[in-house]
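Inspection log for the structure reproduced underneath, given as structure tokens.
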Amino acid sequence: MSVWDDLVGQDAAVAVLRGAVADPSAMTHAWLLTGPPGSGRSNAARAFAAALLCPRGGCGECHECTTALAGTHADVEVVATEATILRRQDVEPLVQLAQRSPSGGRWRIIVIEDADRLNETSGNVLLKAIEEPPPRTVWVLCAPSPQDVLVTIRSRSRSVVLRVPPVDAVARLLVERDGVEPELADAVAHASQSHIGLARRLARDPEARARRREVLDLARRIRGVPDAVLAAGDLVEVAQAEARAATEERDAEEKSRLYRALGAEEGKPLPPALRSQLKSLEEEQKRRATRAQRDVLDRAMTDLLSLYRDVLLVQLGASDGASGGRGIDLVNVELADAVRTLAADSTPEQTLRRMDAIGTARERLAANVAPLLAVEAMAVALRPQG
Amino acid sequence: MILVSGPEGLLAERAVERAVALARDAAGAERLERIDVAGPTYETGRLAVATSPSLFGEPRVVVVDDAQLGTDALVTEVVEYVGAPEPDVTLVVVHRGGQRGKRMLDAIKATGAPVVACDALKRDSDKEDFVRAEFRTAGRRIDAEAVQGLVAALGSDLRELASACSQLVADTTGTVTTAVVDRYYGGRMEVTGFRVADAAAAGRSADAVTLLRHALASGVDPVVVVAALALKLRQLAKVAATRSAGGPRPQDLGLAPWQLERARKELVRWTPEGLATAITAVARADEEVKGGGRDPVYSVERAVLTVARATGR
């Protein structure tokens, strides 16, 4: 057993990180772990932290390892955000923290799981601290790609690239660790495009599978402009409901905890002097809800993109559209029929234009365009056109 | 005891002035004392001090302003006072809307005290009535068209409208005509994003652009105009969906009857392809006005023109 066990198909990256743990001359003060969503960036960062702190170089069993992996080790600070950006006030404490010596272990390790969500201001706040930390401080930044972080931060850190794990490896992991049926494991590993976390959720939660199916059904359902607008409305509504379900309970709990901490009675209006605290909590929760809704929509769009990718493959003759058939595997194995129908109904040019429209909608969502409008424009572009 | 309730500040002030004037008339010119009590900064006992009998028993008017922001003490003490009012005190409570202090309002209403409702004037016809009343009070005459012109120019703020009326009364003689209103307030128009969207959806390009310029000049944000356009197109598409077999029923769309009726009329000009072009253009404009483009005004104008041209059957 070792801390690296959960990193599927990342042998090259693991070798680099292990080397750094074993050989002090291969170590450096700032690391940038990049890889597509689901490749296990944050897991790799935690495993690296554990291996650095573990007296046996990452046994996965000792106190240091288990606490570092769980994110509760005193010398490991894990920073992540549930809002759309990491703000200046979120990262400012890290500058001071970086200057302190580790309390027990060999290193003080600061992991920023969403380094791509640092904006220019907050990134610049960290610049100096990342450039020249004290000898025993290590920064580990995670981002989808090196282009997602400020160029000045990129140039101050050593890059380690995680790759998309092979589908087989993900399926095997699901079977071995989570006891998923092999057939289902294979399907969800394809459907999630090797995103381990997503694959696990799809495997465990039949509702998530049904929702995904519903989203993909949009491609067939949209017969004209009016349909497109209605379908877009449905999609955004589902996303809102899902985001609400994910945050509602927690919001209420946080609120009642705040009331308790302030010694106020719940259900009664707060005294004016304390209202600003409630307000800032509510703002935080709203930011979180925005992010949750965007994430849900973005996932739906990625799913649609994968469907049209399959359609394009069939249209270009790179795949025969049968499961286990000739050529490149489809992502949506279980929808092979629908893929073939769509492929027969349109031309590759149209498919590419539709994929473009989905990509534009994703960009617009990130650029703060009203979600409903962005989705409407996308849905309109998906309608059958002569 | 008088309750003045409603969000329209100007009307509330006038009601208070009038109440004070009436009380002064009743008391005789010099002897009336006016005490102002502000709701948000109210401290316990303030009302009791203001209303307790004085040595010479002068009549007093106590005006409690912004009672909707009042402290809990204010609510409790007003309710107490209502139970045992002083004979030589007139209490005027001004409450500018909202649910706060409802207990106080109910207590005052229960005594049968007069309630002056100062609701916001929303419809243009109400505002026109207001302008006519203003001129009538001043003993002047105004043309019907001039009234409409004034409301179109300054209708969003009643206070501004009132001061415009008093200025016209003071500066001009004889009947106020459109020409006079134009000389003072010409070239000014208050336009909402919705009016721009309506004009664009009706295919009136020139009108739509003119209205857009008016709207932008009077401080409407391009983002709001784009949102109004998007809403309009959404309504049109939804109503179009009800026509096809298996589509939703009109009453399930969540639109008001007048919105449905209007969308049905406007749809006559629209084709599905036109709608597609328009929605695409508006989505693009939304991205551009939120920082994706260089010039928000150019982006929104192009969107308005594209929408207006996409009609046309």
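The values are calculated or read from the model by the stated rules, or taken from the named source; none is laboratory data. It should be emphasised that the depicted structure is a prediction, and the values quoted were computed from it without experimental measurement. Cβ: placed from backbone, ideal geometry, glycine included. Neighbour counts: every protein chain shown.
Couple of notes before you dig in:
- Taking residues in segment A:358-386 that are under 14 Å from residue B:278 (Cα atoms), and partners anywhere that are at pLDDT below 90 and charged (D, E, K, R), the pairs with Cβ atoms closer than 9 Å and at least 6 places apart or on different chains are A:379/A:227.
- Checking each residue in segment B:209-227 for being modelled with pLDDT of 90 or more and buried (at least 22 other Cβ atoms within 10 Å of the Cβ) picks out B:212, B:222, B:225, B:226.
- Checking A:82, A:92, A:77, A:64 one by one, the residue that is in a loop (DSSP other than H, G, I, E, B) and not hydrophobic (A, V, I, L, M, F, W, C) is A:82 and no other.
- Residue B:254 more than 11 Å from chain A (Cβ to nearest Cβ) and on the phi > 0 side of the Ramachandran plot: no
- Boolean, residue B:76 is of a type in the set (Ser, Thr, Tyr) and in a loop (DSSP other than H, G, I, E, B): no
- Where a residue in segment B:51-62 is closer than 18 Å to residue B:80 by Cβ and its partner, wherever it lies, is part of a strand (DSSP E or B) and polar (S, T, N, Q), with Cβ under 9 Å and at least six apart: B:60/B:90; B:62/B:90
- Residues of segment A:362-369 include at least one that is in contact with a Lys or Arg (Cβ under 7 Å, 6 or more places away or on another chain), surrounded by fewer than 18 Cβ atoms within 10 Å (Cβ to Cβ) and within 14 Å of chain B (Cβ to nearest Cβ).
- Filtered by the rule that a residue be of a type in the set (A, V, I, L, M, F, W, C) and closer than 16 Å to residue A:198 by Cα, segment A:287-304 gives A:292, A:296, A:297, A:300, A:301, A:304.
- For segment A:314-328, the count of residues that are more than 21 Å from the chain's Cα centre (by Cα), closer than 28 Å to residue B:276 by Cα and crowded, with 16+ Cβ neighbours inside 10 Å is at least one.
- Cβ pairs under 7 Å, 6+ apart, first in segment B:178-189 and among the charged types (D, E, K, R) and surrounded by 14 or more Cβ atoms within 10 Å (Cβ to Cβ), second at pLDDT 70 or above and part of a helix (DSSP H, G or I): B:182/B:149; B:188/B:153
- Selected residue (criterion: farthest from residue B:83 (Cα to Cα)) from residues of segment B:102-127 that are in contact (Cβ under 8 Å) with a residue 60 or more places away in the chain and not aliphatic (A, V, I, L, M): B:119
- Residue within segment A:318-326 that is among the basic types (Lys, Arg) and at pLDDT below 85 present: yes
- Filtering segment A:92-102 for residues that are in contact with a Cys (Cβ under 7 Å, 6 or more places away or on another chain) and either at pLDDT 90 or above or surrounded by 14 or more Cβ atoms within 10 Å (Cβ to Cβ) (or both) leaves an empty set.
- Helices (runs of 4 or more DSSP H) enclosed by segment B:143-247 - at least 2 residues per element that are within 14 Å of another protein chain (Cβ to nearest Cβ) and within 30 Å of residue A:228 (Cβ to Cβ): B:193-201, B:222-241
For every residue, the table says whether it meets (1) surrounded by 17 or more Cβ atoms within 10 Å (Cβ to Cβ); (2) assigned to a helix (DSSP H, G or I).
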residue	(1), (2)
B:4	yes, no
B:11	yes, yes
B:15	yes, yes
B:18	no, yes
B:24	yes, yes
B:37	yes, no
B:43	no, no
B:48	no, yes
B:55	no, no
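- Apart from one condition, residue A:353 fits all of (1) closer than 30 Å to residue A:82 by Cα; (2) within 14 Å of chain B (Cβ to nearest Cβ); the exception is (1).
- Hits in segment A:17-29 (condition: in a helix (DSSP H, G or I), of a type in the set (A, V, I, L, M) and surrounded by fewer than 18 Cβ atoms within 10 Å (Cβ to Cβ)): A:22, A:26
- Boolean, residue A:200 is away from every other protein chain (no Cβ under 14 Å), assigned to a helix (DSSP H, G or I), surrounded by 12 or more Cβ atoms within 10 Å (Cβ to Cβ) and at pLDDT 85 or above: yes
- Test for residue B:70: is it at positive phi, among the small types (Gly, Ala, Ser) and at pLDDT below 75: no
- Filtering segment A:111-139 to residues that are in a strand (DSSP E or B), touching a Ser or Thr at 6+ places or on another chain (Cβ under 9 Å) and β-branched (Val, Ile, Thr) leaves A:111, A:137, A:138.
- Among (1) within 14 Å of chain B (Cβ to nearest Cβ); (2) surrounded by fewer than 17 Cβ atoms within 10 Å (Cβ to Cβ); (3) assigned to a helix (DSSP H, G or I), the one test that residue A:232 misses: (2)
- Taken over segment A:177-197, the residue count meeting the criterion of being surrounded by fewer than 18 Cβ atoms within 10 Å (Cβ to Cβ) and over 18 Å from residue A:43 (Cα atoms) is 5.
- Taken over segment B:263-294, the residue count meeting the criterion of being more than 9 Å from chain A (Cβ to nearest Cβ), touching a residue at least 60 places away in the same chain (Cβ under 8 Å) and of a type in the set (D, E, K, R) is 2.
- Residues that are under 30 Å from residue B:176 (Cα atoms) and in a helix (DSSP H, G or I) within segment B:102-133 comprise B:124, B:125, B:126, B:127, B:128, B:129, B:130, B:131, B:132, B:133, listed in sequence order.
- For residue A:72, the test of being free of Cβ contacts under 8 Å to residues at least 12 places away in the same chain and not in a helix (DSSP H, G or I) is passed.
- Among residues of segment B:52-62, those that are farther than 13 Å from residue B:36 by Cβ and under 37 Å from the mean Cα position of the chain (by Cα), counted: 1
- Residue count for segment A:136-167 satisfying the condition of being closer than 24 Å to residue A:98 by Cβ, in contact (Cβ under 8 Å) with a residue 60 or more places away in the chain and among the polar types (S, T, N, Q): 3.
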